[in-house]
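The values are calculated or read from the model by the stated rules, or taken from the named source; none is laboratory data. These figures come from a predicted structure and were not determined experimentally. Cβ atoms come from the backbone with ideal geometry, glycine included; neighbour counts cover every protein chain shown. Ligands, DNA and RNA are excluded from the accessible area calculation, which covers all protein heavy atoms including side chains. Shrake-Rupley method; radii C 1.70, N 1.55, O 1.52, S 1.80 Å.
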Amino acid sequence: MRFIKFILLILLIVLFLVFVVQNTLIVEISFFNYKGYVPLFVLVLFSIFLGFLFAFFYFMPREWSLRRIVGDLKEGVERLNRGLFLKAEQSFQGNPLTETFACYSAYERKDINKLLNFSSPICAFMLLKLHHIEEAQEKFERIIEQEPENLLALKGLRDINFLKGNLKDAVELQERVLKNCEKWDRENQKKILAELLASLYITSKDGDHAEKAFDVYRTPLTYSARILALADSEKERDAIKVFERSFEDGFQDQILMILLRKEALLTKLMDIIERRRDQINTIVLALVYLRLGLFSKVKPLLESLQDYYRTLAISSLSHREEDRMCAKILEESLKAWECVCGTRYKEYTPMCANCLRWNKIELKL
């Protein structure tokens, strides 16, 4: 490597000498009232030197500024990695480019006032994660005014509208999210849209929402909404066919738990339930029988039930008022749905109100 550098240096010197020899012509120069004569190669070299000098003075302040920014960024990231969040935030202050890092630092310290002072969409998202919903909504709406297709703001407003029960607005926002999301995220966003449409059907009873949800993505909730919509439209045979099809996707347990309080509909599905009982979870089957008052069908299942469900079943079978009250309390306290964050729910919901994640709630009996 050193030999190559030496050769390049020699070549450069040779080229310079050739340039000098070929440009020894004396030329006249004038500047205001001064006149003089210099060799042409000196004039050329002086011009190049001046060009480099002007460029140096023009770009050097910018370079110093960039070096300071990079230095602060490096220092701040190192402090973040060491868990020194306040010191990290101090490194990131005063620079819009590093505001996102400052937001994360303020989020970890739960410094709401700092988050309110930042303008980054990430800060609005952090406020939402800390359940400061009104403040987050105000920031997201301001962001949407400036950047209508900002994905983070659209998702944040969708989540807020879902939490507030504004399902129609949540669906409209999710349609915009699906239109603008990246390719890797498209399937997940389709699933969210489908579950929002299914949830909207449950509150509005508009069969078109249930049909669209079922077409967009097949989930236990969209199956349930479709079955309910068909049954409500007196298309019982179609509802039964859709329920039977759910066994192919392995959603039967979740669907039965979602429909557990729909006794009239469960009665219509009993032929399928009895025919395919071997494919249904024993606990789910026992809960369906208990809901419909089919106590004779519950008794053979008692030995295979866990203590909680066995106690619930035995108390329900008893004729004593105290036992019936116990069964009612156990049933009311049953939270069969659990999010990955550990929060449990009595009824299925597409989004966890605690961690604000979608499609992470599963049936845990």
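Per residue, what accessible area does the chain have, given a 1.4 Å probe and all protein chains present, in Å²?
Details: 22070 Å² over 365 residues.
Per-residue value: 60 Å².
Applying a 10 Å radius around every beta-carbon, put 143-149, 210-216 in order of their mean neighbour count, most first. Intermediate values should be presented prior to the final figure.
Numbers: 143-149: 13.1, 210-216: 20.9.
Descending packing order for the listed peptides: 210-216, 143-149.
Could you tell me what fraction of 2.2 N^0.38 Å the Cα radius of gyration of the chain comes to, as a two-decimal ratio? Present the calculation step by step, with values, prior to reporting the outcome.
Numbers: Rg = 35.3 Å, N = 365, 2.2 N^0.38 = 20.7 Å.
With N residues counted in the chain, Rg over 2.2 N^0.38 Å equals 1.71.
What are the principal axis extents of the Cα atoms in segment 190-301, in Å, biggest first?
Projected onto its principal axes, the Cα set of segment 190-301 covers 41, 25, 21 Å.
Per-residue HN-Hα couplings for segment 45-58, Karplus 6.51 cos²θ - 1.76 cosθ + 1.60 at θ = phi - 60°, whole Hz, x for Gly and Pro?
5, 5, 5, 4, 4, 4, x, 5, 5, 4, 4, 4, 5, 6
What figure, in Å² to the nearest 10, do you get for the accessible area of TYR348 with a 1.4 Å probe and non-protein molecules left out?
Per-residue accessible area (TYR348): approximately 50 Å².
Starting from the Kirkwood radius over alpha-carbon pairs of segment 52-155, derive D by Stokes-Einstein at 10 °C in a medium of 1.306 mPa s and give it in µm² s⁻¹.
Working: Rh = 15.0 Å.
Estimated via Stokes-Einstein, D reaches 106 µm²/s.
For segment 288-343, what is the convex hull volume of its Cα atoms per residue in Å³? All intermediate terms of the calculation are to be shown ahead of the outcome.
Working: hull volume 5.2 nm³, N = 56.
Per-residue hull volume (Cα only) is 92 Å³.
Using a 7 Å offset from the Cα along the Cα-to-Cβ direction at both LEU302 and GLU244, what is the distance between the two label points in nm, to one decimal?
Taking the simple label geometry, LEU302 and GLU244 are separated by 3.4 nm.
I need to check one value: relative contact order of the chain, counting alpha carbon pairs closer than 8 Å and at least 6 residues apart, in percent. Can you show the working numbers first?
Values: 390 pairs, mean separation 21.7, N = 365.
Reported relative contact order: 6 percent.
Just by accessible area at a 1.4 angstrom probe, what is the order of THR282, THR222 from largest to smallest? Write out the running numbers ahead of the final one.
On the way: THR282 50, THR222 0 Å².
Ranking THR282, THR222 by accessible area, largest first, yields THR282, THR222.
For segment 121-249, just the Cα atoms, rotate onto the principal axes and tell me the three extents in Å, largest first.
50, 29, 23
Given the peptides 334-342, 228-236, arrange them by the average over their residues of other C-beta atoms within 10 Å, most packed first.
Values: 334-342: 15.3, 228-236: 17.0.
So the order, starting with the most tightly packed, is 228-236, 334-342.
Given a 1.4 angstrom probe, I'd like the percentage of the accessible area of the chain that is carbon and sulfur, rounded to a whole number. Please report the intermediate quantities before stating the final value.
Values: 12480 of 22070 Å².
C and S atoms contribute 57 percent here.
Here is the link list: LYS139/LYS364; LYS164/LYS191; LYS297/LYS328; LYS87/LYS183. Which ones come out longer than 31 Å on Cα distance? Please report the intermediate quantities before stating the final value.
Details: LYS139/LYS364 37 Å; LYS164/LYS191 20 Å; LYS297/LYS328 19 Å; LYS87/LYS183 38 Å.
Distance filter (> 31 Å) returns LYS139/LYS364; LYS87/LYS183.
May I ask you to derive the FRET efficiency for THR282 and GLU236 from their Cβ-Cβ distance with R0 = 30 Å, giving the value to the nearest 0.05?
Between THR282 and GLU236 the formula returns 0.65.
For the ranges 61-72, 295-306, what's the packing order if you count other beta-carbon atoms within 10 Å of each residue, average per peptide, and put the highest first?
Details: 61-72: 11.2, 295-306: 13.7.
Output ranking for 61-72, 295-306: 295-306, 61-72.
Show me, for segment 264-269, the HN-Hα J-couplings you get by feeding each phi into the Karplus relation (A = 6.51, B = -1.76, C = 1.60, θ = phi - 60°), rounded to Hz, glycine and proline as x.
In residue order, the calculated couplings are 4, 5, 4, 4, 5, 8 Hz.
Give the Debye-formula value of log10 I(q)/I(0) at each listed q (0.15, 0.16, 0.19, 0.21 Å⁻¹), with one equal scatterer per alpha carbon of segment 104-187, two decimals each.
At q = 0.15, 0.16, 0.19, 0.21 Å⁻¹ the computed log10 ratios are -0.53, -0.60, -0.81, -0.95.
Relative to the present Cα-Cα distance, how much length would full extension add between LEU50 and LYS205 at 0.36 nm per residue of separation? List each step's numbers first, then the result.
Working: separation 155, 0.36 × 155 = 55.80 nm, distance 7.86 nm.
Computed gain between LEU50 and LYS205 is 47.9 nm.
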